[in-house]
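The values are calculated or read from the model by the stated rules, or taken from the named source; none is laboratory data. Computed from a prediction, not measured in an experiment: that's the story for all the values here. Because the Cβ atoms are built from the backbone with ideal geometry, glycine has one as well, and the counts that use them run over all protein chains shown. Accessible surface is based on the protein model in full, side chains and every heavy atom, while ligands, DNA and RNA are left aside. Shrake-Rupley method; radii C 1.70, N 1.55, O 1.52, S 1.80 Å.
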Amino acid sequence: MHFVKKLLSSIALCAFAMLPAAQAATVTLPWVDSGSYDEFGNHRAVTTNYIAGNCTNCYGQSGVDFRNFFVFDTSALQGTVTSGILRLRNGYVAAEGLYSVYDVTTDVPALRAGGFNKLSTFDDLGSGVLYGSAWVLPSDITGRTFVDVVLSAAALAALNASDGLFALGGNYAGAWHAFGGTDTDERRQLILEVSA
């Protein structure tokens, strides 16, 4: 009997070893929309600039705080997202600071539509469930750098639960702003590792 158990155990181990390894792939999702809300809750829907932080002279305003947002289409994702980063092209940054991204509870169509006096949307973009943070270092206008925010377990769970548009909000804590002059920059990506 002992021999039979050992034989069956060996057969099971061999069969398990012959199973194909779980397939993993890197999937890059391009942005659908992006933008910023100022501290008065204002956002122009045609503006995709994702400036964040305090800007001394933006859109004719002085010393105004901005929070940004990004929207990605997850409807074609298949499998389970196991890790990921939010990759952004940075603009000119005069002083370092901490950039953090959060969940967005604002309805995505309303977020994208913009408008005026949407203070709850501005608040939403810089609070809630933390999806990740990255330290942003100073850069000049010609040497733009990338900022990679490693996504948290909460962000991965939200991505796996999403079946349509997925939004993130961002807040920059520093003496200056980050991501200025990003209207025409296409590098706004979710780079995900997905297992079958």
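Results, tabulated for the structure shown:
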| read-out | value |
| --- | --- |
| Matching residues, the stretch 65-85, being without any contact (Cβ under 8 Å) to a residue 40 or more places away in the chain and either of a type in the set (F, W, Y) or in a strand (DSSP E or B) (or both) | D65 |
| Condition check for N49: assigned to a strand (DSSP E or B), open to solvent by less than 60 Å² (accessible area, probe 1.4 Å) and at pLDDT below 95 | no |
| Qualifying residue in the stretch 92-106 (condition: among the charged types (D, E, K, R), open to solvent by 40 Å² or more (accessible area, probe 1.4 Å) and within 17 Å of the chain's Cα centre (by Cα)) | no |
| Single unsatisfied condition, L137 versus (1) in contact with a helix residue (DSSP H, G or I) (Cβ under 7 Å, 6 or more places away or on another chain); (2) open to solvent by 40 Å² or more (accessible area, probe 1.4 Å) | (1) |
| Checklist (1) open to solvent by 40 Å² or more (accessible area, probe 1.4 Å); (2) small (G, A, S); (3) not in a helix (DSSP H, G or I) applied to G170, failing item | (1) |
| Search result, residues across the stretch 86-121 that are small (G, A, S), in contact with a Gly (Cβ under 6 Å, 6 or more places away or on another chain) and in a strand (DSSP E or B) | G97 |
| Among (1) surrounded by 13 or more Cβ atoms within 10 Å (Cβ to Cβ); (2) at pLDDT 95 or above; (3) over 22 Å from A45 (Cβ atoms), the one test that A153 misses | (1) |
| Check on N160, farther than 24 Å from R44 by Cα, surrounded by 15 or more Cβ atoms within 10 Å (Cβ to Cβ), at pLDDT 95 or above and of a type in the set (S, T, N, Q) | yes |
| Candidate set: the stretch 52-77, residues that are hydrophobic (A, V, I, L, M, F, W, C) and open to solvent by less than 10 Å² (accessible area, probe 1.4 Å); chosen: the one farthest from A94 (Cα to Cα) | F72 |
